[in-house]
Each structure stands twice: as structure tokens, then as C-alpha cells.
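Structure first, commentary second.
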Amino acid sequence: MIEVTEDDFNPGEYIEAARTRQTGGIVTFTGIVRDDDITSMDLEAYKEVALEELTLIQDRAMALFQVNSIDIVHRIGRLQVGDHIVMIVVGSPHRKSAFQACEYIIDKIKESVPIWKKEHTKGGSRWVPGDHHPGTA
């Protein structure tokens, strides 16, 4: 499953969904808004393109690492400290391929998916460098 949503998600539901008789291990990555002097953040996406790119990343990872399943959910909208941002769940017969696929996926998300982050602090707001929001230079 690939999803870009404003709704929070339950990590346990994604982990449980990855359990099959052929799955020997499940590797997950959950990104969470951390308190590094921010009060909140806004995540924006070109949703249609983000979904297409996430699907391509999922397909490539399935082929490269021969895993059983990959689920990716990414939040957009206003998020507070402690909120979930992204979750990747990889089910695989073997741990090594699951770890490799999970790392590959988060790296590719950062490189190519059109999702932009604006951090808010007590002193103001700023787009995170490297996120190349279309409204910035």
C-alpha cells in the first residue's frame, strides 16, 4: 500500500498486515517530528506525482531486494512534535534484504518525492533547505 495522507496512522496495523506465512522478518522505519527547537511543521506535496514516485520506488525495491511486501505511508499537513511523518514497512523472508530495502526506500523518498517541509519555530518559519519548494528560489 502506498498512501499520502493528512490522517495519522497506526504503525501496528501496517506491521501486522506484513505478517504472512512467507515472511521471516519485518523491518520498519517510522519518522517522527522531533523537538529540535521547532514548534510544528507543514508538509506539502504534489500528491499525484508523489504517489506515482512512491509506487516507482516500491516497484524498484521489490525487484532489487526480492522482498514480499512494502507499505509506505507519508503524512502531509500541519504536524506537531511527536507526530508520525512517514512509515515504511518491509516484509521479507530474510532480514538482510528487508533492511536493505527499507534503507533504499527512505533514501529515494528524500531524493525524488515531491514533498516539502516548512518548519515553524518561536522565531519564525523556514522551508528546509534541499526540499526545493516550488514557491522558493
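The values are calculated or read from the model by the stated rules, or taken from the named source; none is laboratory data. Computed from a prediction, not measured in an experiment: that's the story for all the values here. When we count neighbours, we look across all protein chains shown, and the Cβ atoms used for this are built from the backbone with ideal geometry, even at glycine. Quick note on the areas: whole protein, heavy atoms, side chains included, nothing else; ligands and nucleic acids left out. Shrake-Rupley method; radii C 1.70, N 1.55, O 1.52, S 1.80 Å.
Values computed for the structure shown
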{"item": "Residue within segment 13-32 that is open to solvent by less than 60 Å² (accessible area, probe 1.4 Å) and over 17 Å from C102 (Cβ atoms) present", "result": "no"}
{"item": "Total residues in segment 30-69, condition touching a helix residue (DSSP H, G or I) at 6+ places or on another chain (Cβ under 7 Å) and of a type in the set (F, W, Y)", "result": "1"}
{"item": "Output for segment 55-64, where each listed residue is under 15 Å from I2 (Cβ atoms) and either open to solvent by 80 Å² or more (accessible area, probe 1.4 Å) or in a loop (DSSP other than H, G, I, E, B) (or both)", "result": "L56, D59, R60"}
{"item": "Hits in segment 33-48 (condition: of a type in the set (D, E) and open to solvent by 70 Å² or more (accessible area, probe 1.4 Å))", "result": "D35, D37, E44, E48"}
{"item": "Residue within segment 43-54 that is in contact with a Lys or Arg (Cβ under 8 Å, 6 or more places away or on another chain), over 22 Å from A17 (Cβ atoms), at pLDDT 95 or above and not in a loop (DSSP other than H, G, I, E, B) present", "result": "yes"}
{"item": "Members of segment 65-123 found to be part of a loop (DSSP other than H, G, I, E, B) and either acidic (D, E) or at negative phi (or both), listed by number", "result": "V67, N68, I76, V81, D83, P93, H94, V113, P114, K122, G123"}
{"item": "Output for segment 15-42, where each listed residue is under 13 Å from the mean Cα position of the chain (by Cα) and not in a loop (DSSP other than H, G, I, E, B)", "result": "T28, F29, T30, G31, I32"}
{"item": "Odd one out for E6, checked against (1) exposed (fewer than 11 other Cβ atoms within 10 Å of the Cβ); (2) within 17 Å of V73 (Cβ to Cβ); (3) free of Cβ contacts under 8 Å to residues at least 24 places away in the same chain", "result": "(3)"}
{"item": "Subset tally (residues that are open to solvent by 20 Å² or more (accessible area, probe 1.4 Å), touching a Gly at 6+ places or on another chain (Cβ under 9 Å) and touching a residue at least 60 places away in the same chain (Cβ under 8 Å)) for segment 79-115", "result": "6"}
